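Data first, discussion second: the structure below is written as structure tokens.
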Amino acid sequence: MKEPEWHVSVDRDSCRGSGVCVYEAADRFRLDDGVSSPTSELIGTDPRVHRAADFCPTSAILVRNARTGAVVAPTEGAPTGTVTH
């Protein structure tokens with residue numbers, strides 16, 4: 001089994017339940033009582049999760065490299081809250 005590459009977290013105090021994350025990656029996020037949480041904190045790389053972090057209107061989603069802790073997403077300067085498809 002491949003080692004997880006990303007650690008995904010959601011700041012539940014910042015999340016406003018917009019559902020952008022669920023729209024982008026329904027199998028990776030869920031809304032519980034109007035607040036997002038990852039279905040699994042440790043995952044392989046997934047461009048949909050990266051987009052969800054970039055487009056979260058409150059920047060509540062943080063994706064880090066599971067080994068180094070370096071921030072993978074949101075991308076600095078990403079247009080938060082703007083879904084483009």
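The values are calculated or read from the model by the stated rules, or taken from the named source; none is laboratory data. Bear in mind that the values here come from a model prediction, so they are computed numbers and not experimental data. Please note: Cβ atoms are built from the backbone with ideal geometry, for glycine as well, and neighbour counts cover all protein chains shown. Calculation scope for accessible area: heavy atoms of the full protein, side chains included, ligands and nucleic acids excluded. Shrake-Rupley method; radii C 1.70, N 1.55, O 1.52, S 1.80 Å.
Assorted remarks:
- Amide H contacts for residue 75 (H built 1.01 Å from N in the peptide plane; partners 5 or more residues away or on another chain; cut-off under 5 Å): 54.
- Heavy-atom accessible area for residue 39, with the other protein chains in place and a 1.4 Å probe, reaches approximately 70 Å².
- Amide H contacts for residue 66 (H built 1.01 Å from N in the peptide plane; partners 5 or more residues away or on another chain; cut-off under 5 Å): 6, 7.
- Here the relative contact order of the chain, from alpha carbon pairs under 8 Å that lie six or more residues apart, stands at 33 percent.
- Value at 222 nm in deg cm²/dmol, rounded to 500, when DSSP H runs of n ≥ 4 in the chain each add -39,500 (n - 2.57): -4000 deg cm²/dmol
- Dipole in debye (nearest 20) - the chain, about Cα centre, beta carbon charges: Lys, Arg +1; Asp, Glu -1: 100
- The gain in end-to-end length when the residue 68 to residue 32 segment is fully stretched comes to 10.0 nm, 0.36 nm per residue minus the alpha carbon separation.
- Note, ³J(HN,Hα) from phi for region 13-26, Karplus 6.51, -1.76, 1.60, rounded to Hz, x at Gly and Pro: 6, 8, 5, 10, x, 5, x, 4, 5, 5, 4, 6, 8, 4
- Computed from phi, the 3J(HN,Hα) profile of region 65-74 under the Karplus parametrisation 6.51, -1.76, 1.60 (θ = phi - 60°) reads 5, 5, 8, 9, x, 5, 6, 9, 7, x Hz, with x in place of Gly and Pro.
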